[in-house]
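The values are calculated or read from the model by the stated rules, or taken from the named source; none is laboratory data. Everything quoted here is computed from the prediction, not taken from an experiment. Using ideal geometry, Cβ is built from the backbone for each residue, glycine included, and neighbour counts are taken over all protein chains shown. What goes into the accessible areas is simple: the full protein's heavy atoms, side chains included, and nothing from ligands, DNA or RNA. Shrake-Rupley method; radii C 1.70, N 1.55, O 1.52, S 1.80 Å.
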Amino acid sequence: MNSYISRMLDLTQQRNANEPEFCQAVKEVLDSIAPVIDVHSEYEDFAILERMTEPERIVTFRVSWIDDNGKIQVNRGYRIQFSSLIGPYKGGLRFHPSVNQSIMKFLGFEQIFKNALTGLPIGGAKGGSDFDPKGKSDNEVMRFCQSFMTELYRHIGQDVDVPAGDIGVGAREVGYLFGQYKRIKNAYEGGVLTGKDICYGGSLARKEATGYGLLYYMREMLAASGQTLDGKIVTISGSGNVAIYACEKAYKFGAKVVAMSDSNGCIYDENGIDLDAIKQIKEVERGRIKDYLKFHPEAQYIEKTGEDSPIWTIKTDIALPCATQNELTLNSAKILKENGVIAVGEGANMPCTLEAIDFFVNNGIPLAPAKAANAGGVATSAIEMSQNSMRYYYTFEEVESKLEQIMINIFNSCKDAADMYGCSGNYVKGANIAAFRKLADAMIAQGIV
Ligand code: NDP
Ligand code: 2IT
C-alpha cells in the first residue's frame, strides 16, 4: 500500500472516528487511486488528499416549525459545502430520520467525484434534515420547508450553491423551498434549486434522469462484454424516484422487472411489475409497497425482518439497488451470485457495502458504481441550470439525448481510466480514478486554498 494513502486512511479514521459512512466513502476512493498516487508524487506535496477529504464548509442549523396540532417541533438542518473546485456547490437535500453529519458528509464527498464525472461545471455538496416526511400533511411539509429555507437561503444562490432533491425531497418539497427562497430574496433566481416542477422553471426529463441514466450506463457496461438488456430479469430495490424511472427504462430496453421494495419489504411479481400501479401507490397515494397486492393479489409480498433486504434473495440477472446506503451486504451479494446475477448497477448512493463491492469485483461480476451510474440526475440538474440561465426550454427529447450522451461519456471515462491504470473491467476503480485526476489537477491549478 502506498504510504501517503495509508497515512491518509489512518488520519481520516482518527479525525472522523464517529462518522462511519464518511470513512467508508473515503476508503473506497483512497483504495482505488493507489496506482495514480504511485506515479504522481506531486499530489502528496500539494496535500491533495488532506484537502479533498475536508469539507470547505459545514453549516448546521435549527429548524423549528409548528405541526397540525399546534405543537412546536425542532429538527436539525445541514448543508455540507464540500468542494467548489469545478463549479458552484451542487447536490441534493435529504429529509429522513436517519440523517446525521456522517451521512451528509459521505454524500457530499461522493457528490464531488460524481459531479466531476459528468464533465459539467458543478462542485459537490449535500444537505438535508432528520425531519421525517412520512405521515406528515402537505401543510406540515410546507411549514417545515419554509422554516428550513429561512435559514438555508443565506448560504445558497445560483452561482454559490444549488440544492436539489434526494430521499424524501421531490417536486413538492422543492416547490415549497423555492417559493420561500423567492419570497425572502424578492427575486426570481431560477437556477438556485433544481428538480423544480415544469410549470415554473424545471427541466423536462429531470424527474426521469437518474433512473434512465442508470439504465444507459448499464446498457454500455453490458455491451462491453457483448450483452444486452433485452430479455433480462431485473430486480430493483426502493420504489421512489430513482427506482421508478429505472424500472421504466428497463422495460423500454426489453428487460422484465420482477421485484421492487420499500423499507418495510418487497413485492415479487413473476409476470413483471405493473409500473402504473407502483406510480399510483408511490407518486399519488404516498402509500406502502405492500399496497401493490390490492392491484395484483397474485403477487407475493415479503416482509423485511432482519438486517438484509429480502429482495436480494430473488433470482435475477441484473440487480439494481436504488434505495439507500449499505442496503446490499456481503451476504446478499453471495446469494445474488448463487442465483446467477450477471451485473449490478448502483442507483442509490453507496448501496453496496465495501465487502459486497469486493465480492462482486473479485468474482468478475461487473458493477456499475454509484458515482458514475447515478450521475444522470445531477447532470440533468446542470442542464436545468443552463436552461434557467438561458431563459429557455429544451424539449424532452433534447434533454434525454444530452443525458444519454453524458452517460456514454461517463462509462467511457471509467473504462478508459481502468484500462490505463491496469484494472480493466473494474469500473469502481475506473470511476474513482477518472474523477480524482480531474479534481487533483484543478486543485493544483487553483493554488493553496
Ligand atoms: P425517494 O425518497 O424517492 O425513494 C427512496 C426509496 O428508498 C423509497 O422506496 C424508500 O422506502 C427507500 N428507502 C429509503 N431509505 C431507506 C432505508 N433506510 N432502508 C430501506 N429503504 C429505504 O428517494 P430517491 O429515489 O430520490 O433516492 C434513492 C437513492 O438514490 C438514494 O440513495 C439517493 O441518494 C440516490 N440518488 C438520488 C438521485 C435523485 O435524483 N433523486 C440522484 C442520484 C442518487 P420508504 O418509503 O419505506 O422509506
Ligand atoms: O445524489 C444525487 O446526485 C442527487 N440527489 C441529485 C443531486 C442534484 O443536484 O440533482
When the residues of the range 137-168 are filtered to those that are in a loop (DSSP other than H, G, I, E, B) and surrounded by 18 or more Cβ atoms within 10 Å (Cβ to Cβ), which remaining residue is nearest to ligand 2 (Cβ to nearest atom)?
-> GLY165
Could you name every one of the helices (runs of 4 or more DSSP H) located completely within the range 230-329 that has at least 2 residues being out of contact with any strand residue (DSSP E or B) (no Cβ under 8 Å at 6 or more places or on another chain) and of a type in the set (Val, Ile, Thr)?
-> 241-252
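Specify which of the listed residues (ILE122, ILE86) is in contact with a Phe, Trp or Tyr (Cβ under 9 Å, 6 or more places away or on another chain), of a type in the set (Val, Ile, Thr) and at negative phi.
Residue meeting the stated conditions: ILE122.
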Taking the residues in the range 51-95 that are more than 19 Å from GLU151 (Cβ to Cβ) and among the basic types (Lys, Arg) as candidates, determine which candidate is surrounded by the fewest Cβ atoms within 10 Å (Cβ to Cβ).
-> LYS71
Kindly indicate which of SER381, SER389, SER401 is within 16 Å of ligand 2 (Cβ to nearest atom), in a helix (DSSP H, G or I), of a type in the set (Ser, Thr, Tyr) and open to solvent by 10 Å² or more (accessible area, probe 1.4 Å).
-> SER389
Mind listing just one residue for me: the one in the range 173-205 that is small (Gly, Ala, Ser) and within 16 Å of ligand 1 (Cβ to nearest atom) and, of those, surrounded by the fewest Cβ atoms within 10 Å (Cβ to Cβ)?
-> GLY175
Matching residues, the range 96-110, being within 11 Å of ligand 1 (Cβ to nearest atom), open to solvent by 10 Å² or more (accessible area, probe 1.4 Å) and part of a helix (DSSP H, G or I) = none
Restricting the search to the range 100-155, which residues are small (Gly, Ala, Ser), over 20 Å from LYS182 (Cβ atoms) and over 16 Å from the mean Cα position of the chain (by Cα)?
-> GLY119, SER129, GLY135, SER137
Listed residues LYS105, LYS126, LYS90; which is touching a strand residue (DSSP E or B) at 6+ places or on another chain (Cβ under 9 Å), more than 11 Å from ligand 2 (Cβ to nearest atom) and under 23 Å from ALA382 (Cα atoms)?
-> LYS105
